[in-house]
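Colleague: My questions will all concern the structure given below.
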Amino acid sequence: MIINTGMPRSITGHALSGGVIALILSGAYEILKVQKGEISQKEALKNTAVATLEGGIITACGIAAANSLGNTQLPLKSLLEATTLVAIGVVSIYGIQALANPKKES
């Protein structure tokens with residue numbers, strides 16, 4: 001155990017909570033942008049959906065990494081596992097951004 005993070009937390013439950021929080025906050029922000037005429041409703045819905053997915057993934061990977069660090073296995077194994085989980089989160093967010101905002105070639 002590297003850090004006593006307490007008992008393992010539910011990854012699925014936290015992913016859902018993170019997604020809901022991201023949905024609420026992003027939705028409110030995007031509504032304001034639509035009302036100001038800065039973006040269309042379609043863009044706002046897309047941005048909100050992307051933020052919701054990202055919020056869930058970031059939260060799930062963070063909780064999984066914390067659970068790993070609090071595991072009673074070898075410290076190096078815990079650290080490698082946590083690092084891998086964070087890397088999976090980063091790659092997932094990068095992938096979502098690449099799909100949601102494809103680069104237009106000139």
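The values are calculated or read from the model by the stated rules, or taken from the named source; none is laboratory data. In this text, all values refer to a predicted model and were calculated from it rather than measured experimentally. No Cβ is skipped: glycine too gets one built from the backbone with ideal geometry, and neighbour counts run over all protein chains shown. The protein model used for the area step is the full one, side chains on, heavy atoms only, and it has no ligands, DNA or RNA in it. Shrake-Rupley method; radii C 1.70, N 1.55, O 1.52, S 1.80 Å.
Colleague: For segment 50-76, which positions are over 16 Å from I93 (Cβ atoms) and buried (at least 20 other Cβ atoms within 10 Å of the Cβ)? Step through it out loud before you land on a result.
Modeller: Kept after step one, since they are over 16 Å from I93 (Cβ atoms), are these residues of segment 50-76: 66-76.
Within segment 50-76, N67, S68 meet the criteria.
Colleague: While we're on this one: Criterion first (open to solvent by 80 Å² or more (accessible area, probe 1.4 Å), within 17 Å of I21 (Cβ to Cβ) and modelled with pLDDT of 95 or more) does I88 satisfy it? Spell out the reasoning first.
Modeller: On the way: open to solvent by 80 Å² or more (accessible area, probe 1.4 Å): yes; within 17 Å of I21 (Cβ to Cβ): no; modelled with pLDDT of 95 or more: yes.
No: the conditions fail for I88.
Colleague: Would you check if N47 is touching a helix residue (DSSP H, G or I) at 6+ places or on another chain (Cβ under 6 Å), open to solvent by less than 90 Å² (accessible area, probe 1.4 Å) and outside any helix (DSSP H, G or I)? Give the derivation first.
Modeller: Numbers: touching a helix residue (DSSP H, G or I) at 6+ places or on another chain (Cβ under 6 Å): yes; open to solvent by less than 90 Å² (accessible area, probe 1.4 Å): yes; outside any helix (DSSP H, G or I): no.
It is false that N47 is touching a helix residue (DSSP H, G or I) at 6+ places or on another chain (Cβ under 6 Å), open to solvent by less than 90 Å² (accessible area, probe 1.4 Å) and outside any helix (DSSP H, G or I).
Colleague: Here is a follow-up. What's the number of the only condition in (1) open to solvent by 70 Å² or more (accessible area, probe 1.4 Å); (2) modelled with pLDDT under 95; (3) in contact with a Gly (Cβ under 8 Å, 6 or more places away or on another chain) that N101 fails to meet?
Modeller: (3)
Colleague: For segment 13-32, enumerate the residues that are open to solvent by less than 40 Å² (accessible area, probe 1.4 Å) and under 24 Å from P102 (Cβ atoms).
Modeller: Restricting attention to segment 13-32, the residues satisfying the condition of being open to solvent by less than 40 Å² (accessible area, probe 1.4 Å) are 13, 15, 18-19, 22, 26-27, 30.
The answer is G19, A22, S26, G27, E30.
Colleague: For segment 48-84, give me each residue that is touching an Asp or Glu at 6+ places or on another chain (Cβ under 7 Å) and either acidic (D, E) or without any contact (Cβ under 8 Å) to a residue 24 or more places away in the chain (or both). Steps first, please.
Modeller: Taking segment 48-84 and keeping what is touching an Asp or Glu at 6+ places or on another chain (Cβ under 7 Å), we get 48, 68.
Within segment 48-84, S68 is the sole residue that qualifies.
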